[in-house]
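Scroll down for the structure; my scribbles are underneath it.
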Amino acid sequence: MDTYLFLGIDGLTSGAIYALLALSLVLVQTATRVVNIAQGEYLMLGAMTLASLLDGDVPPTLGLVLAGGLLCLAPDIAALWTSPRRFVRAALPYCLLAALALTLVYITLHVLPGTVMSMATTLVLVTLTGPIIYRLSVRPKLDADAVVLVIVSVGVQMVVHGLALILWGAEPRPVAAAVQGGVVGAGVFVSWQAVAILVVAGLATLGLYAFFELTLAGKALRAASVSRRGAQLCGIAPERAGAISFALGAGLSALGGMLVAPLVTANVDIGFVVGLKAFVGATFGGLVTYPLALAGVALVGVLDSFSAYAASGYRDAIVFMLVIPIMLWRSGRAGQWEGDR
Amino acid sequence: MSSRSGRFLMSALLAATFLALPRPLYAQQSKPELRIGAVLAASGGAASIGTPERNAVALLQERYADADLPFTVKIVLYDDASDPTKSTSAVRRLVQEDKVHIVICCTTTPSSAAVLETLTASGTPAITLAAAASVVEPASSHHEVFKTSATDRLMVARMLEEVGTLGAKRIAVLFADDSYGDSGLAALQSLLPSQPAQLVATERVARNDTNFTPQALRVRQANPDIVYIHTYTPACDLAQEALRRVGYTGPIIQSQGAASAAFLSLGGRGVEGTIVTVAPVLLHDQLPASDPMKAKLDEFVRLYDAKFGAGKADTYSAMGWDPVNLAVKIFGDMVQTGKDVSDLEATRRGLRDGIEATKNYVGVSGVFNFSPTDHVGLLPKGAVLLSTVKDGRFVLLPN
C-alpha cells in the first residue's frame, strides 16, 4: 500500500518547511524574547520576492528595504546639522547595504537572470527586512514585557501582510521549480523539489549548528540567550544580538518560502498558517531548544498529513489541538528551564 | 524643523486641500440623487474576489458621474476587510449616515448573512455578491435582499446535469473548508437525492494548504467515476495536481472558483481537458451572436479592460457590474414615471419592489426574471456555462 508512503513523505516535506520556520522562531525568541507571530510573513516575502524576480519584475521588497532603511536612519538625520560626521558614520552601513540590494537586483534582472541568482537576491533582500523590522518594532520597546512584544509582533504581521497585499495583489503566482521532474520509488512519485526541501532544511540546520558552535557572533548570540544581563556585562550589545537574530530568522524563513513556492504557488496568504503550524512544532521545544523543535515540526508535518487523510475537515483543529498536550507535558517539566514571563 | 519650512509645508498643504475640493458644490442641487452604498472586501481573506468587484463598481462610479441622466448617481464605497463585523458597521453607517437608497453588500457569505438584520430593519434593499444560495433563499425571509449572479446552488445543479450527461455514477468531491465550501456542499447534499449519482467521498481542503495528497489519496481509494473540486485558486490547481500525482486519471469538474486566468496559468498542461463551470463573461467572445447577453458582455469587457488592462475582466468584476446598473435602471424608471424620490423610505421601498418586478433584464451575469419567490431570477443554463480547458484557454461546451 503506497498510501502511507505518500502521506509520510509529504508530511515530512511540509515538516521540513515548518522546520525552517521553527528554527527562526526559536532563534528570535531566545535572543530577543519575542514570540514572533509575524515569522510566517518572512516566508511569504521570500516566496513573493522570488516570484517577482523570476517574472523579471523589480521586487517590491526592494522598495520596502530602501524605505525601511530610511525610516531606521530617520533619527540620525537630525544629526546631519549638528555633527555631520556622526551622521555619515551612522548612514554608511545603510548606504552600503542599499547599494548591495540595488546591485543584486540589477544583476539578477539584467546581467545574470536565473533561478539561483534570483534565490540569492531574494535571500539578501528578505534577510535585510529582518533587522529593519527589529529596529522599527522591537528595539524601541527593548525592556517591555514579553507579552507586549508578542502583541508588537501581531501588529507587525498585520502591517507586513497588508503591505504585501497592496504591493503584490491577491492573485497567486506560479513559481517554476528549480529542477523539474522527480523520481518514482515504490510506486510513489516524489518531486525533486520535495527532495530539495528536505536537503536544504537539513543543510540549514547544520549551518545554524556550525554558526552557533564555531563563530564568535554565534557564541555571542547563544550567550545573549542564556543570560541577557551577563552577556551585556561581557560587552555583547543586546540590540546587536537582536538585529542578527532577526536577520537570520528572516533569511531562514525566506528560504522556506522559496522552497515551498514551487509546490503551492506564491500568494500573500501563505505565511500565516505555516507560521502557526511551525509555532506548534516549536512549542514542543518550549520555543528554546532546537532539536526538540525539529522533532516537533516533524511530528506536526506527519500528523498534518495523516489527519488530512483521516478527517480532512478537522485537519487544522487536530494539529492545533496538539498544543494542549505539549503545554501539559512542558509545564510538567517547567522546573527544568527558566521561563520568561 | 525650522519655522520657515514649517510655514511652507503648511501653505502647500492648504493649497493641496483646496485643489482637492470637489468641483462646484452648487451645480447639482435641482436633480434628484440616487445614493448607492457598496461594502466589498478589498482586503482580507476574500480580497482576490472583492478587489475586481470593487474595480467594477468604481468604474461605474466614474462613468455615472459623467453620464447625462435626469438624476445624479452617488456611490459610496467601503472596504470590510472580509470581516462580517466590519461589514455590519459599514452597512449601518450607509443606512443611517449616508442615507443610501440601496446597498451592494457583501463579497462573502458570512458578511452577507451578518448584515441581513440591519437591512431588514431599515427596509433598505440590497444586492449581495456572495456565492451561497442561503444569502437570498428563501425569499420570504430575505425580503430586501437580491442577488444578480449565479448562486452556488445553480452551479452545483449545472454540474450535476453534466455528471448525468456523462453517465457517471460515483462522484467524489473536494470542498473548500470555508463558507464557500460549506454552502456548496449543502447545495450538493440537497440536490443529490434526486440524482442517479451517488457521493462516494467528501473531502475538505484549505486555501492555504501546503499538502493536498492526503485528500487525493482518500478520493483515489473511493474509486470514483468523476471528481468535483469546489474551491478557489491556488487550491483548485493543487488539488487537481495531487489527484493526478496519486494516479487518478478520470474526469475532473471544477467549480466557478477555478474560472480564472490564474487557474490556467498555474495549472499549465496539467489542467487540459478539465471541465470548468464558468460565468458567461469568460466566454463572451465565444457566445453566438444570437445570445441576448452578447452585446452587454462585449461592452463590459471592452470598458473594463480599457481601464484595468487586457484580459482583466473576469467573473468577479462582472459580479460588481450588474448590481449598480440594475439599481440605476430601476431608479431611472421611477424618476421617469414621475414617482416621488425625495422621501428616503418610500424610495427604498420603490427600488425594492421595482427589482422584484423586473423581468428579462439583461445583465452580464445572466438574464434576470425576479419574482416574489425568486430573488436570483436565473436558470442554471445560461447563467452557468460549462467549458473545457483546451490549449490553455476555456472553450465553451455546447449547452
Q: Would you work out which of A:Leu208, A:Ala91, B:Val156 lies farthest towards the positive end of the dipole of the protein assembly as shown? Charges go on Cβ: Lys and Arg +1, Asp and Glu -1.
A: A:Ala91
Q. What are the radius of gyration and Dmax of the protein assembly as shown, computed over its Cα atoms and given in Å?
A. 28.1, 87
Q. In peptide B:186-199, how many Cβ atoms from other protein chains are near each Cβ within 10 Å, on average?
A. 0
Q: Could you work out how far the C-alpha centroid of segment A:218-296 sits from that of segment B:264-291, in angstrom?
A: 44
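Taking the number of other C-beta atoms within 10 Å as the exposure measure, put A:Ser331, B:Ser30 in order starting with the fewest.
Values: A:Ser331 11, B:Ser30 6.
In order of increasing Cβ crowding within 10 Å: B:Ser30, A:Ser331.
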Q.
Just to be sure I understand the model, the point goes 7 Å from the Cα along the line to the Cβ. What's the resulting A:Leu100 to B:Gln221 distance in nm?
A. 5.0
Q. Shielding of A:5-16 by partners, i.e. mean partner chain Cβ atoms within 10 Å per residue?
A. 3
Q) How big is segment A:2-339 on each of its three principal axes, counting only the C-alpha atoms and giving the largest first in Å? A) 71, 56, 37
(Q) For the pair A:Ile166/B:Leu77, report the inter-label distance in nm, with labels modelled 7 Å from Cα in the Cβ direction. (A) 1.6
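Hey, can you rank B:232-244, B:161-173 by average C-beta count inside 10 Å, highest first?
Packing proxy ranking, top to bottom: B:232-244, B:161-173.
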Q | Residue exposure sequence - A:Trp81, A:Trp329 - by fewest surrounding Cβ within 10 Å | A | A:Trp81, A:Trp329
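About the Cα centre of segment A:20-102, how large is the charge dipole given +1 on each Lys and Arg Cβ and -1 on each Asp and Glu Cβ? Please answer in debye to the nearest 20. Mind showing how you got there, number by number?
Working: 4 positive and 4 negative charges, 100 e Å.
The dipole of segment A:20-102 has a size of about 480 debye.
If you take every DSSP beta bridge whose two residues both sit in the protein assembly as shown, what share of them, in percent to the nearest 5, is antiparallel? The partial results should precede the final answer.
Working: 16 of 51 bridges.
Among the beta bridges of the protein assembly as shown, antiparallel pairing accounts for roughly 30 percent.
Which value does Rg/Rh take for chain B over its C-alpha atoms, Rh per Kirkwood?
That ratio equals 1.02.
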(Q) Run the simple label-point estimate for A:Ser331 and B:Ala357 please: 7 Å along Cα→C-beta, distance reported in nm. (A) 6.6
Q: Would you kindly derive the ³J(HN,Hα) couplings of segment B:232-248 from the backbone phi angles with the Karplus curve 6.51 cos²θ - 1.76 cosθ + 1.60 (θ = phi - 60°), listing them in order in whole Hz, with x for Gly and Pro?
A: 9, 6, x, 4, 5, 5, 5, 5, 5, 4, 5, 4, 5, 5, 7, x, 7
Q: Tell me which residues come under 5 Å, amide H to amide H, from B:Thr202 once H is placed; ignore anything under 5 positions away on its chain.
A: B:Val173
Q | For segment B:121-128, Karplus couplings with θ = phi - 60° (6.51, -1.76, 1.60), whole Hz, Gly/Pro x | A | 4, 9, x, 8, x, 9, 10, 9
Q: Report the Cys residues of the protein assembly as shown lacking a disulfide-compatible partner, meaning no second Cys Cβ under 4.7 Å from their Cβ.
A: A:Cys72, A:Cys95, A:Cys234, B:Cys236
Q.
Can you list residues from other chains, or at least 5 along the same chain, whose modelled amide H is less than 5 Å from the amide H of B:Ala130?
A. B:Cys106
Q. When you look at the Cβ of every residue in A:305-316, what mean number of other chain Cβ atoms sits within 10 Å?
A. 6
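State to the nearest 20 debye the size of the charge dipole of the protein assembly as shown about its Cα centre, where the only charges are +1 on K and R beta carbons and -1 on D and E beta carbons.
Working: 56 positive and 56 negative charges, 375 e Å.
For this selection, approximately 1800 debye.
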Q) If you build a Gaussian network model of chain A, linking Cα atoms that sit under 10 Å apart, which residue out of A:Tyr134, A:Tyr42, A:Tyr314 swings the most? A) A:Tyr314
Q: Any lysines with Cα under 26 Å of the B:Lys147 Cα? List them, leaving off those in the same chain fewer than 8 positions away.
A: B:Lys74, B:Lys86, B:Lys99, B:Lys294, B:Lys296, B:Lys307, B:Lys312, B:Lys329, B:Lys339, B:Lys359, B:Lys381
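Coordinate-derived values only; no laboratory data. If you're wondering where the values come from, they're calculated on a predicted model, not measured in any experiment. Here the Cβ is made from the backbone with ideal geometry for all residues, glycine too, and neighbour counts use every protein chain on show.
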